[in-house]
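> Supplied in structure tokens, the structure appears directly below.
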Amino acid sequence: MNLRQVRKKTKSVTNVKKITRSMQLVSAIKMKRAQQAAIEAKPYQEHLETIITKVMYKKSESISPLLTKPKIDKKKLTVIISANKGLCGSFNIDLLRFLIKNPDNLKTDYIIVGKKAASFVSKVGSTILADFSNNQPLGNVSAIFTMIMTSFLSGEYSKVSIIYNSFISTLKTETVEFILLPFSLSSGFKKTNIEKLQNEYIIEPNPNLIIDSLLKSYLEDKIRNCIIQSEAGEHSARMIAMKNATDNANDVIYNLTLLGNKLRQEKITNELLDMITAKESVGSV
């Protein structure tokens with residue numbers, strides 16, 4: 001590699017560094033907003049779970065159709081939440097690996113939120129019931145919830161779950177599958193809360209109406225919370241990925257600069273040697 005090539009490559013890497021640095025700053029702003037939304041949504045979700053745990057303690061499954069498991073096992077419906085874009089590390093890859101690990105996941109029907117998941121599901125040949133891949137997924141929560149409820153209550157599907165990347169910290173997300181329907185206190189709820197409850201609540205005017213409405217509210221909010229968690233994890237992963245790319249670009253620029261300086265010094269040394277050799281040759285004559 002000559003000096004000209006080194007300078008050209010250094011300029012190219014510098015341009016890449018500017019792009020990754022800009023993307024890192026943008027992702028950092030989006031990450032902060034998404035993380036704040038995820039943190040603020042958590043207390044409401046936990047409080048709603050506590051209310052449901054208290055109200056549902058020792059209640060019969062017949063009290064709501066959302067609690068009743070169909071007698072005949074039919075196909076499974078899965079809501080999968082991914083990112084629309086790449087450049088976010090292993091965020092999307094972890095989600096797709098989770099699907100591949102369980103062969104049954106490839107035989108289910110899907111409601112898609114995210115272009116990366118839509119592309120993968122299409123390639124494996126699974127059925128996509130609906131695709132809500134756009135830049136404002138929270139605006140589609142009601143539509144997703146309505147489709148899920150209609151499909152389950154009509155008996156078309158015997159099980160409905162949601163797969164997403166749960167936000168844990170800026171450096172960590174975890175792929176989770178949560179069973180939405182049929183609803184069960186054992187799926188995601190704290191068992192200690194159930195064990196501590198000793199009293200049954202008298203519900204007026206009608207337990208069926210109140211519990212059914214409460215469960216629907218919880219499930220819709222759960223879908224919304226899963227999307228918020230996924231967005232927080234996505235922006236965090238992209239910010240970290242762009243930061244790593246920027247740091248790597250700095251290392252490459254540093255090494256290329258050293259190489260360029262060595263080549264330039266070598267070139268200067270060779271020119272000086274040529275001048276000295278030529279001068280000595282003329283003097284000897």
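The values are calculated or read from the model by the stated rules, or taken from the named source; none is laboratory data. Bear in mind the structure is a predicted one, so any value in this text is a computation, not a measurement. Cβ sites come from the backbone with ideal geometry, for glycine too, and all protein chains shown count toward neighbours.
> When the residues of the stretch 75-129 are filtered to those that are surrounded by fewer than 16 Cβ atoms within 10 Å (Cβ to Cβ) and on the phi > 0 side of the Ramachandran plot, which remaining residue is nearest to the chain's Cα centre (by Cα)?
Leu87
> Another question about this same structure. Out of all the residues in the stretch 52-71, which are at pLDDT 70 or above and either among the small types (Gly, Ala, Ser) or assigned to a loop (DSSP other than H, G, I, E, B) (or both)? Before you say what the answer is, go through the steps one by one.
Our first condition is that a residue be at pLDDT 70 or above; within the stretch 52-71, this holds for 52-56, 63-70.
Across the stretch 52-71, the qualifying residues are Ser64, Pro65, Leu66, Leu67, Thr68, Lys69, Pro70.
> While we're on this one: Considering only residues that are part of a strand (DSSP E or B) and either among the hydrophobic types (A, V, I, L, M, F, W, C) or touching a Gly at 6+ places or on another chain (Cβ under 9 Å) (or both), which ones fall in the stretch 98-122? Break it down into steps so the answer makes sense when it comes.
Here is the first cut: in the stretch 98-122, the residues part of a strand (DSSP E or B) are 109-113.
Ile111, Ile112, Val113, listed by residue number.
> May I ask you to list the residues in the stretch 123-175 that are β-branched (Val, Ile, Thr), in contact with a strand residue (DSSP E or B) (Cβ under 9 Å, 6 or more places away or on another chain) and either without any contact (Cβ under 8 Å) to a residue 12 or more places away in the chain or part of a strand (DSSP E or B) (or both)?
Applying the first criterion (β-branched (Val, Ile, Thr)) to the stretch 123-175 yields 124, 127-128, 141, 144, 146, 148, 150, 160, 162-163, 168, 170, 173, 175.
Keeping just the survivors that are in contact with a strand residue (DSSP E or B) (Cβ under 9 Å, 6 or more places away or on another chain) gives 127-128, 144, 148, 160, 162-163, 168, 173, 175.
Scanning the stretch 123-175 gives Thr127, Ile128, Val160, Ile162, Ile163, Ile168, Thr173, Thr175.
Each row is one residue, and each column tells you yes or no for (1) touching a residue at least 24 places away in the same chain (Cβ under 8 Å); (2) in contact with an Asp or Glu (Cβ under 8 Å, 6 or more places away or on another chain).
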{"site": "Ile29", "(1), (2)": "no, no"}
{"site": "Lys75", "(1), (2)": "yes, yes"}
{"site": "Ser90", "(1), (2)": "yes, no"}
{"site": "Asn102", "(1), (2)": "no, no"}
